[in-house]
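To start, the structure itself, in structure tokens.
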Amino acid sequence: MTDASFIIVAIDGGAASGKSSTSRALSERFHLLHVDTGSFYRAFTAELLRQNVATDHPDAITSAATALQLDTAIEGRRAQMKINGRVVPDAEIRTPAVNANVSHFAAVPALRQALLEYQRGQADVGRSHGFRGLVMEGRDIGSVIFPDADFRFFLHADPVERARRRAAEGQQDSITERDRLDQSRKTAPLACPEGATDVDSTHLTLEEVVDLLSSHLATRLAPVA
Ligand code: C5P
């Protein structure tokens, strides 16, 4: 059954642009399912690295990726992808090896295709678990996954500020290189989708960004927190 009151919020942006913290806060404020699609690409990357699949072998990537059985576990308000029955823990997807390889795997059209319907299916997961909508973050949510989303935002921030935020999380991550690869790939490149609300968070606190996006959502949905 489709529920017209179930809202879809798409948040795209580069690495360390504040998407995850913002999405998490919105999911709490409006009781939305939080779907971090970057974690899906990361989990695929960890699994393909484990299987010794090389980033430059599209055929091997296709057969390995399409053989994976995908499911979803809900943890709080967060959707966690299960691969072959197992949630791949954060400790395995936020490693230097995954950081260095994920954008190469994500540029392969067959791998993106293997995740496409799974990502769209998160709306049904959200509905069946009683959420009032979903907030999905990534690189191509407002352009490819949910181009008709109720709200589409694009977050960006100065690269120096983003590097500072990632270092503060204690992570070793080449965000500039990932952005370069994500922006220059042929399939679903990172870009602000036409008609999306562009937000520069360089000089804003997290709370200010969340308040700004909340003011848009509040035109459709009353906050719960
Ligand atoms: O969001 P996060 O930085 O964790 O994403 C890791 C990588 O996954 C990105 O650099 C990008 O290569 C890929 N990705 C993507 N499309 C998405 C989400 C993530 O290509 N929707």
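The values are calculated or read from the model by the stated rules, or taken from the named source; none is laboratory data. Remember, predicted model here, so these are calculated numbers, not experimental data. Every residue, glycine among them, receives a Cβ derived from its backbone with ideal geometry; neighbour counts consider all protein chains shown. Calculation scope for accessible area: heavy atoms of the full protein, side chains included, ligands and nucleic acids excluded. Shrake-Rupley method; radii C 1.70, N 1.55, O 1.52, S 1.80 Å.
Which loop trypsin sites (Lys or Arg not before Pro) in segment 139-195, with loop taken from DSSP, have no more than 16 other Cβ atoms within 10 angstrom of their Cβ?
The qualifying sites are Lys186.
What part of the accessible area of segment 1-143, given as a whole %, is carbon or sulfur when the probe is 1.4 angstrom?
Reported share for carbon and sulfur atoms: 49 percent.
Enumerate by residue number the GluC sites (Glu not before Pro) in segment 127-178 meeting two conditions: DSSP loop (anything except H, G, I, E, B), and at most 16 other Cβ atoms within 10 Å of the site's Cβ.
For GluC sites (Glu not before Pro) across segment 127-178 that sit outside H, G, I, E and B with at most 16 neighbouring Cβ atoms in 10 Å, the list reads Glu169.
Tell me the mean residue ellipticity at 222 nm calculated for the chain from its helices only (DSSP H runs of n ≥ 4, each -39500 (n - 2.57), averaged over every residue, nearest 500).
-13500 deg cm²/dmol
If every alpha-carbon in segment 26-174 counts as one equal scatterer, what log10 I(q)/I(0) does Debye give at q = 0.14, 0.17 1/Å?
Here the Debye-derived log intensity ratios amount to -0.73, -1.08.
How many percent of DSSP beta bridges within segment 7-217 run antiparallel, rounded to 5?
Given both bridge residues lie in segment 7-217, the antiparallel proportion sits at roughly 30 percent.
What number, in percent, do you get for the relative contact order of the chain if the mean sequence gap of Cα pairs under 8 Å and at least 6 apart is divided by its residue count?
36
Counting heavy atoms of the protein chains only and a 1.4 Å probe, report the per residue accessible area for segment 86-225 as a whole number of Å².
That works out to 50 Å² for each residue.
Relative to the present Cα-Cα distance, how much length would full extension add between Tyr118 and Glu161 at 0.36 nm per residue of separation?
12.2 nm
Multiply the residue separation of Leu206 and Gln69 by 0.36 nm, subtract the distance between their alpha-carbon atoms, and state the gained length in nm to one decimal.
That works out to 45.7 nm of additional length.
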